[in-house]
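The values are calculated or read from the model by the stated rules, or taken from the named source; none is laboratory data. All values derive from a computational prediction rather than experimental measurement. A quick note on method: Cβ atoms are made from the backbone with ideal geometry, for glycine too, and the neighbour counts reach across all protein chains shown. When the accessible area is computed, the model is the full protein with side chains, heavy atoms only, and any ligands, DNA or RNA have been set aside. Shrake-Rupley method; radii C 1.70, N 1.55, O 1.52, S 1.80 Å.
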Amino acid sequence: MKIKSLCLINLIITVCLSIANEITDINNKDRNINNNNNQFSLFDIDPSSSPTSLPTYSSSASYTQYSDKLRINFDVTLPSWVYYETYCLDLPTTYKFNTTYFESSLFDTQRDLNLADFQVYFSPTSEYIGGDYGQFASRKLADWPESYMRSSQVAIESGLISIDLSEGFNQICFVNNCGGYNYDCGINDIKYPPYNEFVGYIDLYGISIYPTVSNNFIPYYNWRSISPAVESTWRAICSSSSGQYIYAAALFGYIYSSDDYSETFSLSYENKQQWRDIATTASGDIVVAAVYDGMIYSYSAETGWIIIVEESNKWTGVSISGSTSYVYLSAYRSYLYRYLTTSETFTQANVDVSDWVDITSSDNGFSYAVAKNGFIWKENNGVWSVSYSLKRRWSAVSTNVIGTYIFASAASDQIYLSSDNGQNWAMSYANINLWSSISVNDDGIVYACDKLGRVYRSNGGNDWTKVLKLKSSGLTISVSNNDIAYVAAYDDKIYTHQIISWTESPTFSPSVNPTTFPTIHPTNLPSKDPTVNPTSFSPTISSSPTLSPTRSVTWISISNTDFSPNTIISYSSITVSDCKIACQSTSSCVAIVYYSSSSSCSLKSSLVATSLSSAVTAYAIRGSNLITNFDCGGNDLSYYGGGISQSDCYNYCLTNSACAGSNWNFVNGQCFTKYSLSGSSVNSNYWHTLV
């Protein structure tokens, strides 16, 4: 018995020593990896040296640049890290243009695995996101959130997580962090090593593959602080239509001004007050400022700062009409008022006492006001009436000079738009935020702020994009006609941005499934000064017109559909090419509708589908964007599932040169990209078409 026991003990010791030596060999291999290569040594190892001959896994990844983020889409199948297998996506060298955050959506196709096994590496900056296995990079940026610590076959979103991501990386690599050798790491097979398949995306906010981006491509917002030397609790800001003249008022502080596009500021009014709102004319020569629990002040070069309304009130809003004849005022738990500058008369409006919070006015005789827990009101020739009877906690309202864009925001609610002088209203942005301020310029470029320090931008109210995130608890904003926005932070500084032009059109160059980013531009901002007036040339244009288009555009054809309203001008006896030239020479034109039977065409300021007709073909300029309740059936290029945002569905098309447009389901977020567009329904209850 003793001999047998000793043999058994010796056998156990021998097996244990053998296992220990094998583990030591593996650890030494790992240690040698780290010592020999500091940065991404994992990616330099020859797969043939791995413990097992690996099968070929199918993986893919791609990237898309948005105005505020770089998105990486991936579907990667990876064995555990001990098999030295990874998947990498090459990028152009990246640039950091803002504070960096990441937000991701991830799921694993294997039921029994943790999402925490996934790691994302940035090369050659040697940074990574993921668990504690950081031997393949030197600097850990962040952990995955707690929700990733469990298995999921349904996508889980991380939420916005702050990271100090360095610029200059040109490769993103994916690794399976699971350390199993023959088990505990997903599917175990005698032939193949264990593996995980990770599917999802990661958004890198503040990162761009372009050093600069032009107005008619993706806006690149290079925000900078522009505060005067003294920091204050900024409460209100306004600018002239050109953006040259800026006035900023501090709560229980002074008023400062700039006359050189924010390059320098000077003290304008050394009078400490509880300033609440400030407004200026389009030229910036007249300024009006309101004091909460105080009076109304005005400034011009001739008079300096003077009191124009001596009545003390809880003033909340001030606006100057384009003719400068009227100053409109709102007051909390009080009334609306109008001050006539020519006669210096001050009158109370025909409204009830309410919690009025903001007021705005246009050049066409209409003004608008909003009340907390009230409605949107409209004034015409001194008479106020309800414009929109939707009761909300309205927080701000803004109109452009001709009243074609009126935006109203509600706290803990959405943003609403009227494009017909307040006759009809519709939701513009469904994102529920603590909206605090909104401003729109003559071209319909609108910015909105919330009380969490976020700034959003939209061109005409169609697609909204977050363009700035500050730590401030409250912001106010003003935007000029050349898309320069000024943001006053309540407990911080004043900020603005620059948009710098490209010298050449950028292209995408992903290492997987390379696609050239189209030279199509998602936002074709209209020229303020078109060189050709569409009413100046003859309605019969020859096949060889003398006109030259004033802008370069890409045309998308839409067959079988008539778009009747919103005609700028019509022409007879004209070719399609000449009609396109006429549209390109007209700043407000976004499309043409051509009637082949009569060789006539109409220029359109927007597209509203009215009927299906095989005798009609429309040609839309890429970037005209949204055709509501319009379905283009068939001709599918790709399908992206449900829960897709309108802006993402639009950008999926932009990144594929074969794409003519997208169909987006505004009910469930399904997205289909199309290789051609042909109308199938003009009264869809589910679909919008994005061009």
- Message: What number comes out for accessible area per residue over segment 373-458 if the probe is 1.4 Å? Units Å², please.
- Response: 36 Å²
- Note on the structure: Counting sequence-distant residues (5 or more places) and residues on other chains, those with an amide H built under 5 Å from that of Asn400 are Tyr405
- Message: Considering only protein heavy atoms and a probe of 1.4 Å, how much of the accessible area of segment 312-359 is carbon and sulfur, as a whole percent?
- Response: 42 percent
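Contour minus end-to-end for Glu302 and Ser676, with contour as 0.36 nm per residue of separation and end-to-end as the Cα-Cα distance?
Fully extending the segment from Glu302 to Ser676 adds 128.6 nm.
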- Task: Among the listed pairs Lys272/Lys471; Lys451/Lys493; Lys96/Lys469; Lys469/Lys674; Lys96/Lys466, give every one whose C-alpha distance is greater than 24 Å.
- Result: Lys272/Lys471; Lys469/Lys674
- Gyration tensor (alpha-carbon) shape descriptor, segment 636-691, a/c threshold 1.5: oblate
- Message: Taking 22 Å as R0, compute the FRET efficiency from the Cβ-Cβ separation of Phe666 and Asn635 and round it to 0.05.
- Response: 0.65
- Going by average Cβ neighbours within 10 Å, how do the peptides 603-612, 144-153 rank, with the highest at the top? 603-612, 144-153
- Query: With a ≥ b ≥ c the root eigenvalues of the C-alpha gyration tensor of segment 382-455, is it rounded (a/c under 1.5), prolate (a/b larger than b/c) or oblate?
  - Reply: oblate
- Message: How large is the accessible surface of Glu310 in square angstrom, using a 1.4 angstrom probe and rounding to the nearest 10?
- Response: 150 Å²
- Query: In terms of the Cα gyration tensor, with a ≥ b ≥ c the square roots of its eigenvalues, is segment 282-363 rounded because a/c is under 1.5, prolate because a/b exceeds b/c, or oblate?
  - Reply: prolate
- Query: When the accessible area of segment 377-493 is computed with all protein chains present and a 1.4 Å probe, what percentage of it is carbon and sulfur?
  - Reply: 46 percent
